[in-house]
Amino acid sequence: MKYFRCLALASFLAVLGCGSDETIKPTLNYAADWVGEYAGNGSFELSNGSSGADRPITMSIVMVNPKQITVAAELVYGTGRNDFTRETAILEPDGSDQFSAEFRFLNGKTVYSFSKDGDTITGSIVTSTVRPGGTWSRDKSMVGIEVVRE
């Protein structure tokens, strides 16, 4: 029985000694700075060779919590019912006037890069897929985005 008490005491002291003595500084909350409904123009490139400039784009940014936002962007590139491209992701901005984030899912990734000046957001959204051999190919991109808060 004395052996088990000594073992329990040693385990308890070992657990107390674990961990870092340094505190981690909390990250700042930038989500509220980006929230809003935006509209404007942008350019696009698709993997099928279609491309164009100055196409209408809308972007909705909603705050999920004080640190994260949901970005939903839609660019309409034609007059047909399915002539649009859309990207949606939950991101954590690392600044109030610009941020860059990468969202990965299975074998694809989407890179969001935005900067904000007042009520205007400029930037790009690029979606890529990994191919056999480990190379990334660009599937679609919305570049030259310039949208203004409505």
Residue satisfying condition, being modelled with pLDDT of 90 or more, in contact with a strand residue (DSSP E or B) (Cβ under 8 Å, 6 or more places away or on another chain) and basic (Lys, Arg), within set ARG138, ARG149: ARG149
The one condition in (1) over 12 Å from the mean Cα position of the chain (by Cα); (2) in contact (Cβ under 8 Å) with a residue 12 or more places away in the chain that THR135 fails to fulfil: (2)
Counted residues, region 112-135 - those being more than 18 Å from ASP97 (Cβ to Cβ) and open to solvent by 40 Å² or more (accessible area, probe 1.4 Å): 6
Every residue from region 136-150 that is within 12 Å of PRO56 (Cα to Cα) and open to solvent by 100 Å² or more (accessible area, probe 1.4 Å): GLU146
So SER96, is it among the small types (Gly, Ala, Ser), at pLDDT below 95 and closer than 30 Å to GLY49 by Cβ: no
Residue list for region 39-56, restricted to those being open to solvent by 60 Å² or more (accessible area, probe 1.4 Å) and either closer than 14 Å to VAL143 by Cβ or within 22 Å of the chain's Cα centre (by Cα) (or both): ASN41, GLU45, SER47, SER51, ALA53, ASP54, ARG55, PRO56
Residues that are open to solvent by 80 Å² or more (accessible area, probe 1.4 Å), within 14 Å of the chain's Cα centre (by Cα) and farther than 19 Å from ILE145 by Cβ, drawn from region 91-111: GLU92, ARG104, PHE105
Selection count, region 103-128, where residues are touching a helix residue (DSSP H, G or I) at 6+ places or on another chain (Cβ under 9 Å) and not aromatic (Phe, Trp, Tyr): 2
Number of the exception - GLY80 against (1) exposed (fewer than 12 other Cβ atoms within 10 Å of the Cβ); (2) under 11 Å from MET142 (Cβ atoms): (2)
Cβ-Cβ under 6 Å pairs, at least 6 apart or on other chains, region 78-89 side closer than 13 Å to ILE57 by Cα, far side hydrophobic (A, V, I, L, M, F, W, C): PHE84/VAL76; THR85/LEU75; GLU87/ALA73; GLU87/ILE125
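The values are calculated or read from the model by the stated rules, or taken from the named source; none is laboratory data. As the structure is a prediction and not an experimental result, all values here were calculated from the model. Cβ coordinates were reconstructed from backbone atoms using ideal geometry, including for glycine residues, and neighbour counts include every protein chain displayed. Side chains included, ligands, DNA and RNA excluded: accessible areas come from the protein's heavy atoms. Shrake-Rupley method; radii C 1.70, N 1.55, O 1.52, S 1.80 Å.
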